[in-house]
Amino acid sequence: MKKIVFLTATRADFGKLKSLIEISIDSDFEVHIFATGMHMHKLYGGTVDEIVKQGYGNIYKYINQSTEESMDLTLSNTIQGLSGYVNENEPDLIVIHGDRVEALAGAIVGALNNILVAHIEGGEVSGTIDELIRHSVSKLSHVHFVANDLARKRLIQMGEIEESVFTIGSPDVDIMLSKKLLPLGQVKKYYQIEFTTYGIVLFHPVTTDKKNFGKYSSQLVDALVKSKSNFIVIYPNNDMGSSDIRRAYSVLEGNDHFKIFPSVRFEYFLVLLKHAMCIVGNSSAGIREAPYYGVPTINIGSRQDKRSDNKSILNTSYETDSILDAINESDRLIVQKVEHFGNGQSDKKFLEVIETEDFWTTPKQKQFRDLAFPN
């Protein structure tokens, strides 16, 4: 029986990994979960409890930061904790997702301990430090499960061997299109949301521009208030600068147009998103999930730069008037649903690969694929 460790550090990456975790458990792999990062902080909802509630066994909880530490310290802390864990448990495979430093730690620990590393959703582009981390994770990983053929081509362009790159779609779409999602009324009752219509706000720090995020956050809040619309506001991730965003949100407390939450359970978030009038901020949810539901996105700033040219996405600056104009325009958009990230079968495609004998004999010694260059 092969032993697989899934590393998860945020509510978002757990949503991406969940269907893969569950199908691996159902297929008799020995599945372990290394939970760290935001999951371990009460300030962000203590979302490790949501993982525990799923009934999975073999959950290891590790606190890798106590405050808004710099990313290099979070990286080193995670490497230290994960290194001890894998040396004791000896997994056959480490599965990591995306572009956070915890994923980078997983790739480093796996690569340096001769453990097979699978990276979910590499080969994508975005603004900020995320892109550097994502591509670094890809170069340290042995196998890649990507969301679409464009991402696959980028990895091959980076020198990855074609046979190690598998297009499976985005695993969160498996849950998005599931018939198991609850009715909206039940979700609103759970979170005591009384709005008939509402938008969602998800605004994260950009670490390469953190000195300005206090101002940017205040400008966003001004636009939200001036719109006189209802909004469900969800705390940012725990990158440096998140305290500036939370401080700006304090102005909204007591305002009947706003409901503020440290975190929202992933499946419940999808239900709320599906019925929202728009999503405002700079979260990848506005680029990936919202278009599947035909929900307009007001994408602020550079964090998701070049990630999509979908017509349902209105790109704005950080200026209050720019954000406000986009909110007012969003209800006039004619949005076409898209399926750029798969059709909800990612878990099955993932399983088809890891159940083959060839997968487990993937060389740990990586090769570089040279492209043909003109003379």
If we keep just the residues of segment 130-156 that are surrounded by fewer than 16 Cβ atoms within 10 Å (Cβ to Cβ) and touching a Gly at 6+ places or on another chain (Cβ under 9 Å), which is nearest to residue 304 (Cα to Cα)? 150
Just give me the residues in segment 26-49 being closer than 15 Å to residue 8 by Cα and either hydrophobic (A, V, I, L, M, F, W, C) or not in a loop (DSSP other than H, G, I, E, B) (or both), in sequence order. 31, 32, 33, 34, 35, 37, 38, 39, 40, 44, 48, 49
For the structure I just gave you, tell me whether residue 304 is surrounded by fewer than 13 Cβ atoms within 10 Å (Cβ to Cβ) and in a loop (DSSP other than H, G, I, E, B). no
Can you tell which of 30, 22 is out of contact with any Leu (no Cβ under 8 Å at 6 or more places or on another chain), farther than 30 Å from residue 211 by Cα and in contact (Cβ under 8 Å) with a residue 60 or more places away in the chain? 22
Out of all the residues in segment 339-375, which are of a type in the set (S, T, N, Q), exposed (fewer than 13 other Cβ atoms within 10 Å of the Cβ) and closer than 19 Å to residue 138 by Cβ? 365, 367
Looking at segment 73-81, is at least one residue modelled with pLDDT of 95 or more and over 29 Å from residue 243 (Cα atoms)? no
Checklist (1) in contact (Cβ under 8 Å) with a residue 12 or more places away in the chain; (2) closer than 30 Å to residue 72 by Cβ; (3) more than 17 Å from the chain's Cα centre (by Cα) applied to residue 293, failing item: (2)
Any residue that is over 23 Å from residue 147 (Cβ atoms) and crowded, with 17+ Cβ neighbours inside 10 Å - is there at least one of those in segment 281-297? no
Report, by residue number, each residue of segment 195-220 that is assigned to a helix (DSSP H, G or I), crowded, with 22+ Cβ neighbours inside 10 Å and modelled with pLDDT of 90 or more. 216, 217, 220
Filter segment 252-274 for residues that are over 25 Å from residue 49 (Cα atoms) and buried (at least 19 other Cβ atoms within 10 Å of the Cβ) and give the result. 258
Of the residues in segment 227-249 that are of a type in the set (Ser, Thr, Tyr) and part of a loop (DSSP other than H, G, I, E, B), the one that is farthest from the chain's Cα centre (by Cα) is 229
Can you tell me how many residues in segment 237-251 are open to solvent by less than 10 Å² (accessible area, probe 1.4 Å) and touching a Pro at 6+ places or on another chain (Cβ under 6 Å)? 3
For segment 164-194 the number of residues that are open to solvent by less than 20 Å² (accessible area, probe 1.4 Å) and assigned to a loop (DSSP other than H, G, I, E, B) is 5
Under 7 Å between Cβ atoms, which residue pairs at least 6 apart in sequence (or on different chains) link something in segment 244-262 that is free of Cβ contacts under 8 Å to residues at least 12 places away in the same chain with a partner that is among the aromatic types (Phe, Trp, Tyr) and open to solvent by less than 50 Å² (accessible area, probe 1.4 Å)? 246/235
Can you tell me which residues in segment 108-140 are outside any helix (DSSP H, G or I) and within 14 Å of residue 5 (Cβ to Cβ)? 113, 115, 116, 117, 118, 119, 120
Residue list for segment 57-72, filter: part of a loop (DSSP other than H, G, I, E, B), modelled with pLDDT under 95 and open to solvent by 30 Å² or more (accessible area, probe 1.4 Å): 57, 66, 67, 68, 69, 70
Looking for something of a type in the set (Gly, Ala, Ser) and free of Cβ contacts under 8 Å to residues at least 24 places away in the same chain - is there at least one such residue anywhere in segment 148-171? no
Unique match (being within 21 Å of residue 207 (Cα to Cα) and open to solvent by less than 40 Å² (accessible area, probe 1.4 Å)) among 93, 82, 75, 116: 75
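When you scan segment 325-335, do you find a residue that is of a type in the set (A, V, I, L, M), in a helix (DSSP H, G or I) and either in contact (Cβ under 8 Å) with a residue 24 or more places away in the chain or surrounded by 14 or more Cβ atoms within 10 Å (Cβ to Cβ) (or both), even just one?
yes
The values are calculated or read from the model by the stated rules, or taken from the named source; none is laboratory data. Quantities reported herein were computed from a predicted structural model and do not represent experimental measurements. All Cβ positions, even for glycine, are placed from backbone atoms using ideal geometry, and neighbour counts span all protein chains on display. What goes into the accessible areas is simple: the full protein's heavy atoms, side chains included, and nothing from ligands, DNA or RNA. Shrake-Rupley method; radii C 1.70, N 1.55, O 1.52, S 1.80 Å.
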